[in-house]
Amino acid sequence: MGFFDDKQDWLREVFAQYPDTPQGRRAALMPMLRRVQQDEGWISPERQEEIASILGTTATEVAGVMSFYSYYQALPTGRYHIQVCATLSCAIGGADELWDELVQELGILRGEVTPDGLFSIQKVECLGSCHTAPVVQINDEPYVECVTKARLHALLQGLREGKRLEEIVLPGKAGHVVHNRGEEVGA
Amino acid sequence: MSSGPITSGKDPRFERTLYRYVGQPGCWTLDFYLAHGGYQAIRKAIQQGQDWVIEEVKKSGLRGRGGAGFPTGLKWSFMPKNTGKQHYIVCNADESEPGSFKDRYLMEDDPHQLIEGMMIAGVAIQASKGYIYIRGEYRRAYDRLVAAIREAYAQGYLGQNVMGTGFSFDLYVHRGAGAYICGEETALMNSLEGLRANPRMKPPFPAQAGLWGMPTTINNVESLCSVVHIVERGADWFASMGTEKSKGHKLFQVSGPFKRPGVYELPLGTTFRELLFDWAGGPTEPIQAIIPGGSSCPPLPWTEEILDTPMDYEAISAKGSLLGTGGVIGIPASMSMVDAMWNVTRFYGHESCGKCTPCREGVSGWMVSLFEKIGTGQGQKGDVELLEDMLDQIEGRSFCALADAACWPVRGSLKHFRQQFVDLVENGKPVERAGSRWG
């Protein structure tokens, strides 16, 4: 069974956002890639084929677009794909040390998944939360900000216990929603 | 203080507008927006008409807040009229310049302000359809925008014949997926069309042939939100803030080791000192340089002279840098400038789209390799000159501005901090990474 077979209503909604022309339909490519990525954790060659046939293009075209962006994964990821911002402000705030801690703690590198299937990791470029550095994003969820060592370990622990991201209590002054001003964080 | 233009956030005449509701409970809902006078500016814009809106925005002196600073009203006036074609207004919400995070809270906490701004732009350029291209990682902002658009449709603020005015406007949100180049307007259009986000040849400019070949204008989130207040309060109100050629207010962002990093809405012409000390609380450790407007802007040394420089397009440019997005990054004295530039170069190398040779080979290949060589202590005499030679070969020779953006910070660092590069190269030492701030 195809991934989109039971998602025809969703597809119709997506197509309705763009012009009703072949070029217009093509614009649905990114939303479709994202949907597969969200639901399956990666976009397999079979899914790329399926998207191509729905949009009337080739799997090579789909792969070409896919490989352009950081979010779409060509290899399977863990249930929690941890993306660590590595750009300047986060680097100043300790993103490299955070990354090393993750590698140590989980025993994996980019492209690998922990044996329990829970975690995979990726360094990404600027996430646009420079004032709450260092910043981490799990899957497609809102950011985890001001990720100190204690907060990182609480985060991993909570995820291992199967808690939803927003249920995990993070130590420190800030909760999950960190303000537009870092003062409340004390980071 | 009480006469003359407003150039300080401490001037009693200055009031926050763009961010006035950010952080308040429920501020992203339609009810909240309506209760605070929302959707009045669009009524005025529809009544006064297209030409009035363009003139008013021109008169206000608003310049694009995405980084390039191109006058918004002038950009709108480039759009052809009565073509019979579908015109598009596209909001650039890709916000991918490192150091920038102002648009995020505009969308998270005041999405209706942006929707209203897009509708006003729609009036100005005869666009009945708009797209917000939002960077894929901004999940909360996306959720809030989609919810706001749904509310606006349900209550007649979007769709056919909005508020009974005869004006129709449809608005959609398109999510990116992690690519810096999508902030370049023609690359953004390709991305929206489901293609690889390579920039397009200009001309034709988007106003002639943009999204799906139709007349299109692309504006930044902050620019569009500013327009709401310009229409509501008039061009003279906006122009009463700022300096001679840099009018209005702007969202400045502070990151790095400061007491209160974050977003601060201030008049243009406010000094770095006021932003970094009075608002951001001052540094928490010695700073050696600031990047004034996002990572592509040349770093400036942490001196009294720079701190007293007003933040406007002209004054910062006179000091050899750029206002950019207004994202100020403080680089601590304990971090080697070579290390900082290594990071920034790696960023641009990763984000190069690969379309043109100077950027693909020059930035992603040569510059990144040389920084790895110097940064890991394998530098040799002549490497600093080699780096300069690379900058000469790349800058101004690439297809779009990304390669320039990669060169400017390195050139600025070589101008002010050359000795740090020379020391590393001559001693063959790797960059030091002492004193982690992480714990």
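The values are calculated or read from the model by the stated rules, or taken from the named source; none is laboratory data. Small disclaimer: the values here were computed from a predicted structure and weren't measured. All Cβ positions, even for glycine, are placed from backbone atoms using ideal geometry, and neighbour counts span all protein chains on display.
Of all residues in region A:63-72, those that are over 19 Å from the mean Cα position of the chain (by Cα) and surrounded by 17 or more Cβ atoms within 10 Å (Cβ to Cβ) total 0.
For the residues B:321, B:317, the requirement of being more than 14 Å from chain A (Cβ to nearest Cβ), within 17 Å of the chain's Cα centre (by Cα), of a type outside the set (A, V, I, L, M, F, W, C) and outside any loop (DSSP other than H, G, I, E, B) singles out B:317.
State whether the residues of region A:19-37 include one that is more than 21 Å from residue B:190 (Cα to Cα), more than 9 Å from chain B (Cβ to nearest Cβ), surrounded by fewer than 14 Cβ atoms within 10 Å (Cβ to Cβ) and at pLDDT 95 or above. No, because not a single residue in region A:19-37 is more than 21 Å from residue B:190 (Cα to Cα), more than 9 Å from chain B (Cβ to nearest Cβ), surrounded by fewer than 14 Cβ atoms within 10 Å (Cβ to Cβ) and at pLDDT 95 or above. All of B:67, B:61 fail the test of being within 14 Å of chain A (Cβ to nearest Cβ) and within 22 Å of residue B:17 (Cβ to Cβ), apart from B:67.
Residue-level analysis places residue B:11 among those that are acidic (Asp, Glu) and either assigned to a loop (DSSP other than H, G, I, E, B) or under 30 Å from residue B:98 (Cα atoms) (or both).
The lone criterion from (1) within 14 Å of chain B (Cβ to nearest Cβ); (2) in contact with a helix residue (DSSP H, G or I) (Cβ under 7 Å, 6 or more places away or on another chain); (3) under 20 Å from residue A:41 (Cβ atoms) left unmet by residue A:85 is number (3). So for region A:44-62 (the condition being assigned to a helix (DSSP H, G or I), surrounded by fewer than 20 Cβ atoms within 10 Å (Cβ to Cβ), in contact with an Asp or Glu (Cβ under 8 Å, 6 or more places away or on another chain) and touching a residue at least 24 places away in the same chain (Cβ under 8 Å)), does at least one residue qualify? No, region A:44-62 has no match at all. Looking at region B:116-153, which of its residues are over 19 Å from residue A:140 (Cβ atoms), touching a strand residue (DSSP E or B) at 6+ places or on another chain (Cβ under 8 Å) and of a type in the set (Lys, Arg)? Residue satisfying the conditions is B:129 alone.
The requirement of being surrounded by fewer than 22 Cβ atoms within 10 Å (Cβ to Cβ), farther than 23 Å from residue B:288 by Cβ and within 12 Å of chain A (Cβ to nearest Cβ) is fulfilled somewhere in region B:354-366, by at least one residue. Applying the criterion of being surrounded by fewer than 24 Cβ atoms within 10 Å (Cβ to Cβ) and facing chain A (nearest Cβ under 10 Å) to the residues of region B:193-206, the residue that is nearest to residue B:400 (Cα to Cα) is B:198.
Residues in region B:225-282 that are within 14 Å of another protein chain (Cβ to nearest Cβ) and polar (S, T, N, Q): B:253, B:255. Evaluate region B:90-105: report whether one residue or more is buried (at least 22 other Cβ atoms within 10 Å of the Cβ), outside any strand (DSSP E or B), touching a Pro at 6+ places or on another chain (Cβ under 9 Å) and not small (Gly, Ala, Ser). No, there is no match, as no residue in region B:90-105 is buried (at least 22 other Cβ atoms within 10 Å of the Cβ), outside any strand (DSSP E or B), touching a Pro at 6+ places or on another chain (Cβ under 9 Å) and not small (Gly, Ala, Ser). If I filter region A:127-134 for residues that are free of Cβ contacts under 8 Å to residues at least 60 places away in the same chain, over 23 Å from residue A:164 (Cβ atoms), in contact with a Lys or Arg (Cβ under 8 Å, 6 or more places away or on another chain) and within 11 Å of chain B (Cβ to nearest Cβ), do I get at least one hit? The answer is yes; a qualifying residue exists. Among the residues of region B:366-403, those that are in a helix (DSSP H, G or I) and without any contact (Cβ under 8 Å) to a residue 12 or more places away in the chain comprise B:369, B:373, B:385, B:389, B:392.
When A:78, A:64 are screened for being away from chain B (no Cβ under 12 Å) and modelled with pLDDT of 95 or more, only A:78 passes. Pick from B:188, B:195, B:211: which is within 30 Å of residue A:89 (Cβ to Cβ) and outside the structural domain of residue B:311 (by TED's automatic domain parsing)? After ruling out the rest, the residue left standing is B:188.
Against the numbered list (1) surrounded by 24 or more Cβ atoms within 10 Å (Cβ to Cβ); (2) over 15 Å from the mean Cα position of the chain (by Cα), residue B:257 comes up short only at (1).
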